[in-house]
1. May I ask you to compute the full-extension gain from residue 77 to residue 191, defined as 0.36 nm times their residue separation minus their alpha-carbon distance, rounded to one decimal in nm?
2. When the Debye formula is applied to the Cα atoms of region 31-116, each taken as the same point scatterer, what base-10 log of I(q)/I(0) results at q = 0.12, 0.15, 0.18, 0.21 Å⁻¹?
3. For region 26-193, what does the relative contact order come out to in percent, with C-alpha contacts under 8 Å and a separation of six or more?
4. Report, largest value first, the span of the C-alpha coordinates of region 122-194 along each principal axis, in whole Å.
5. Under the rule of -39500 (n - 2.57) per DSSP H run of 4 or more residues, summed and divided by the residues of the chain, what mean residue ellipticity at 222 nm is obtained, to the nearest 500 deg cm²/dmol?
6. If neighbour count is taken as other Cβ atoms inside 10 Å, put 185, 111, 175 in order from fewest to most.
7. Starting from the Cα of residue 151, step 7 Å toward the Cβ, then list every residue of region 18-32 with an amide N under 18 Å from that point.
8. Would you please put 124-132, 102-110 in order of how densely packed they are, using the mean number of other Cβ atoms within 10 angstrom per residue and starting with the highest?
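Please treat every number below as a calculation from the coordinates, not as lab data. Not measured: the values here are computed from a predicted model. We place every Cβ from the backbone using ideal geometry, glycine too, and count neighbours over all the protein chains shown.
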Ligand SMILES: [Fe+2]
């Protein structure tokens, strides 16, 4: 099962760079742009998904979760802007249209509509696991290719891991056990957390 914002394949995208930043090998720049574009799809998908959750949570903890999510939306929208502008800086053309996200993403559409705060938080635990795992895989690759883009990804991952903790703190008991432990899909995690 595909879960959570992974690193995509890029069959539909032909990257053609006429120039890139000085000192960066052009073949390396193409791969860096691919990695940036995949994270741009992920960031755009994630900030929309977080807004969807912001609108669809119900229950006694509504206001806390509803309000917790907006700063995450804003931060992740900012990531998308930085990723897109880095693509342009490297001589590429960032793709920010909705159909392109759906065509090129390697993860499934967020699967939960109106539901309790705990159910959505359980599902978001799985979403953040996918996003963060993909960022870390890209960081691993960028270490060899481009430390400047790597630095951007590290900064974004730092924030995403903080937000993931905000989510998980709602799913944790006094012993540190997560209610979503072992759940491998949004639906299973929502059920375990609910
Ligand atoms: Fe709102």
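1. 38.2 nm
2. The Debye formula, applied to the Cα set alone, gives -0.41, -0.60, -0.78, -0.95.
3. With pairs under 8 Å counted, the relative contact order is 27 percent.
4. 42, 22, 15
5. Values: 6 runs with 125 residues, N = 194.
Mean residue ellipticity at 222 nm (helix-derived): -22500 deg cm²/dmol.
6. On the way: 185 16, 111 12, 175 5.
Fewest-to-most Cβ neighbours within 10 Å comes out as 175, 111, 185.
7. Residues 21-25, 29, 32 fall inside that zone.
8. Going from most to least packed, we get 124-132, 102-110.
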